[in-house]
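The values are calculated or read from the model by the stated rules, or taken from the named source; none is laboratory data. In this text, all values refer to a predicted model and were calculated from it rather than measured experimentally. With ideal geometry, Cβ positions are generated from the backbone for all residues, glycine too; neighbour counts draw on all protein chains shown. Side chains included, ligands, DNA and RNA excluded: accessible areas come from the protein's heavy atoms. Shrake-Rupley method; radii C 1.70, N 1.55, O 1.52, S 1.80 Å.
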Amino acid sequence: MASITKIMTAMVTLDWDKDLDRKLPYSRRVAGRLPAQNYSRKDLLKAMLVNSDNAASETLAADSPGEREAFVAAMNRLAASWNLYSIRFEDPSGLGAGNVGTARDIAEMLQASASYWLIREISVQKQIEIEAKIKQRVRTVNLNNTNTPILFEFDNIVVSKTGTTSRAGYCLGLVVEQNQRQYVAVFLGHPTKIERANNVKN
């Protein structure tokens, strides 16, 4: 499922600590889009859900009790508690090939995430701004949503997350609301970003 994984990372992060202002040191475990410094948990969630920042997901996972290993275990326990037995996580970012699940179970996970107001608020933002100190000056880092073309085309999306790795292909999970009902769409294994977008539009 590639970075659709980050939806579960966000849910586990919010479940164990609601304090969004607490600042954390940005992880160097994997590459990220932000300068190395401390960021609020809310800014890290924004970077992770909007721009699919891998270092942000690792930062949030390392902050939990028991650190990264316990965090990933919590992700797997939450999936099991919802009887999503095909879903397995090996890391909080989705980079690993062991982050897997059927489209049906991933759809269930996405629908559960729609009950988290912050995931709904953040994941559909087309662009975010995060303040960072660069060369001793505070500057604004602009990050675009990895699903920007689809978000501009449809206005009823309430949860959005893309994912891409060489093994997973181009993936996308969406929750949409129409006529007071929710619908979930999961796209896995597309060979190109263009084909993924075309299938969404169709």
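Annotations
- Residue within segment 26-44 that is open to solvent by less than 10 Å² (accessible area, probe 1.4 Å) and in a helix (DSSP H, G or I) present: yes
- Sole exception among (1) part of a helix (DSSP H, G or I); (2) open to solvent by 40 Å² or more (accessible area, probe 1.4 Å); (3) in contact (Cβ under 8 Å) with a residue 12 or more places away in the chain for P65, by number: (1)
- Remark: pairs (first residue in segment 183-200, open to solvent by less than 60 Å² (accessible area, probe 1.4 Å); second residue part of a helix (DSSP H, G or I) and of a type in the set (K, R); Cβ separation under 6 Å; 6+ apart in sequence or on different chains) = F187/R196; H190/R196.
- Sole residue being surrounded by fewer than 19 Cβ atoms within 10 Å (Cβ to Cβ) and either in contact with a Pro (Cβ under 8 Å, 6 or more places away or on another chain) or within 19 Å of R33 (Cα to Cα) (or both), chosen from T165, T102: T165
- Of the criteria (1) part of a helix (DSSP H, G or I); (2) hydrophobic (A, V, I, L, M, F, W, C); (3) crowded, with 16+ Cβ neighbours inside 10 Å, which one A80 fails: (3)
- Counting only helices (runs of 4 or more DSSP H) that fall entirely inside segment 110-202 and contain at least 1 residues that are small (G, A, S), the qualifying elements are 117-123, 193-201.
- Qualifying residue in segment 121-137 (condition: within 14 Å of T5 (Cβ to Cβ), at pLDDT 95 or above and crowded, with 20+ Cβ neighbours inside 10 Å): yes
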